[in-house]
1. Tell me which residues, restricted to segment 1-42, are surrounded by 11 or more Cβ atoms within 10 Å (Cβ to Cβ), over 24 Å from Trp133 (Cα atoms), at pLDDT 85 or above and more than 18 Å from the chain's Cα centre (by Cα).
2. How many of the residues making up segment 45-55 are over 16 Å from Tyr94 (Cα atoms) and surrounded by fewer than 18 Cβ atoms within 10 Å (Cβ to Cβ)?
3. Quick one: which residue in Phe79, Phe58, Phe124, Phe72 is loosely packed, with under 14 Cβ neighbours inside 10 Å, of a type outside the set (A, V, I, L, M) and at pLDDT below 90?
4. Please work out if Ile67 is surrounded by fewer than 19 Cβ atoms within 10 Å (Cβ to Cβ) and either within 20 Å of the chain's Cα centre (by Cα) or hydroxyl-bearing (Ser, Thr, Tyr) (or both).
5. Looking at segment 131-153, which of its residues are open to solvent by 60 Å² or more (accessible area, probe 1.4 Å) and either under 16 Å from Arg89 (Cα atoms) or of a type in the set (Lys, Arg) (or both)?
6. State the number of residues belonging to segment 43-59 that are of a type in the set (Lys, Arg) and over 25 Å from Asn131 (Cβ atoms).
7. Hey, Ile85 hits all of (1) closer than 20 Å to Trp133 by Cα; (2) open to solvent by less than 30 Å² (accessible area, probe 1.4 Å) but one; which does it fall short on?
8. Which condition from (1) more than 19 Å from Gly146 (Cβ to Cβ); (2) within 13 Å of the chain's Cα centre (by Cα) is the one that Val48 breaks?
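The values are calculated or read from the model by the stated rules, or taken from the named source; none is laboratory data. Everything numeric in this text was worked out from a predicted model, so none of it was measured. For neighbour counting, all protein chains shown are included, and Cβ atoms are generated from backbone atoms with ideal geometry for every residue, glycine included. Quick note on the areas: whole protein, heavy atoms, side chains included, nothing else; ligands and nucleic acids left out. Shrake-Rupley method; radii C 1.70, N 1.55, O 1.52, S 1.80 Å.
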Amino acid sequence: MVMVYMWGEMVLFFLFCLVTIPPITHLFHEMGHLLMAKIMLVPGGNVVIGKGKVLFSFSFFETTFHIHQWFFLGGSTTFASVDKIPVWRRCLIYLGGPLMNGLCAFALLTPGFGYAEHWTTVWFQWLLLMNIWVCIVNLIPFQQRGKKSDGKLFIETIQSVLLTKMRF
């Protein structure tokens, strides 16, 4: 009887982590892109969290936020005029997401942060690991189903500048 209760508690905790940790991590990531773009004075913006049908949208400081039905399945941030800004600013915007995840992971490593109860500690540790994973994976240059990673966008931007400068 006690073992069944413990398994049920663990399953509920796992489901709770599944619907809280990925969207929080993706939100940090997308806020990194958005914050870097705002620092670079890029107007507007469109932040999407999740996939599927839109649950709700709202606008805040010239930026539209869309929260989708499957809110724990990724996200994206787009800007209408990103191709018109200087290359170095565009590169910083691409690196803003992984940088934010790295900063969040560093903050979660701070001693005493999230060490109240056992479940709270585990939740913060999983949030730490998810932020590290998203940071590293997004720095790897790859493309999946037409969507490019931040690392690939960064490398392609640098390559385009180098190729245009090398033409005779």
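1. Hits for segment 1-42 are Met40, Val42.
2. 5
3. Phe58
4. Yes: the conditions hold for Ile67.
5. Hits for segment 131-153 are Arg145, Lys147, Lys148.
6. 1
7. The number of the failed condition is (1).
8. Just one mismatch for Val48, condition (1).
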